[in-house]
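A short write-up of the structure that comes next.
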Amino acid sequence: MKSFLLIILAVVFLSEFHLFAQTTNVIPTNLFITDDGLVFWYKSTGERVIHIFTIKHARDSRESQPADKDPEDNWGSATNGFQLSLRFEKNIFTNGEPMIATMLMRNISSQPQQYFRPTRIIAMKDGQQLSPKNDTDLIKITMSPEMTIYPQTQHKYQVDLSQEYDLSTNGEYFFRAVCRNPTVFSQQVSVLITNHVTQ
């Protein structure tokens, strides 16, 4: 029985050693890791590490590149140590189809930072800002409003704007992602809604 327990302990130890042997506490310069809440590991010493595979995956991901190498993601100006992006899979949508927008909130400073949700997307058409559907002027808190984001990491949010706004009228719409505290904006993005999308 003792030898069996020793074997089990040895396997666990070797597994953890193998796991941590493939981790690092350094994210390469000019690379941003999307932090989904599970990206970091902690050693018994309290050291925060990240798996090497995660870094390799980020190198191949467009969304993890510096803003100057990723102009299609509409990165806003660096503000208060943050940068905010807004992107769509395409810029022409058929009327009635889902319009999925992706926001990336990025920490470009050298220290952990906090920002407050909600981050949101402002919609405009014909020079007028649109009101969200079922807008009651109340903010629904569905998670902790204060978010911590580490250097060289980013948080990713996706929202179906066709559920948030009335987009039933054809034409050109303008969207911008916004964080109010601290104040950070993405670039404005133009999207066309039409009855038929030509291939």
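Checked against the criteria, R62 does not count as within 14 Å of F32 (Cα to Cα), of a type in the set (D, E, K, R) and modelled with pLDDT of 95 or more. Looking only at segment 57-110, residues that are surrounded by fewer than 21 Cβ atoms within 10 Å (Cβ to Cβ), among the hydroxyl-bearing types (S, T, Y) and outside any loop (DSSP other than H, G, I, E, B) come to 3 in all.
D68 meets the conditions (1) over 22 Å from M147 (Cβ atoms); (2) modelled with pLDDT under 85 in every case but one. The failed one is (2). Counting only residues that are modelled with pLDDT of 95 or more and not in a strand (DSSP E or B), segment 183-199 holds 3 of them.
Could you check segment 151-173 and list, in sequence order, the residues that are over 20 Å from the mean Cα position of the chain (by Cα) and touching a residue at least 60 places away in the same chain (Cβ under 8 Å)? First the steps, then the outcome.
Just the residues of segment 151-173 that are over 20 Å from the mean Cα position of the chain (by Cα), to begin with: 165-173.
Those that are over 20 Å from the mean Cα position of the chain (by Cα) and touching a residue at least 60 places away in the same chain (Cβ under 8 Å): L167, S168, N170.
For T54, the stated conditions do not hold, so it cannot be described as out of contact with any Ser or Thr (no Cβ under 8 Å at 6 or more places or on another chain), modelled with pLDDT under 85, surrounded by 11 or more Cβ atoms within 10 Å (Cβ to Cβ) and at negative phi.
Might you check whether a residue that is without any contact (Cβ under 8 Å) to a residue 40 or more places away in the chain, surrounded by 11 or more Cβ atoms within 10 Å (Cβ to Cβ) and of a type in the set (A, V, I, L, M, F, W, C) occurs anywhere in segment 111-119? Checking segment 111-119: not a single residue is without any contact (Cβ under 8 Å) to a residue 40 or more places away in the chain, surrounded by 11 or more Cβ atoms within 10 Å (Cβ to Cβ) and of a type in the set (A, V, I, L, M, F, W, C). Any residue that is β-branched (V, I, T), assigned by TED's automatic domain parsing to the domain that holds F174 and closer than 21 Å to V178 by Cβ - is there at least one of those in segment 84-92? No; the residues of segment 84-92 include none that is β-branched (V, I, T), assigned by TED's automatic domain parsing to the domain that holds F174 and closer than 21 Å to V178 by Cβ.
The values are calculated or read from the model by the stated rules, or taken from the named source; none is laboratory data. All values derive from a computational prediction rather than experimental measurement. Heads up, the Cβs are rebuilt from the backbone with ideal geometry, glycines too, and the neighbour counts pull from every protein chain shown.
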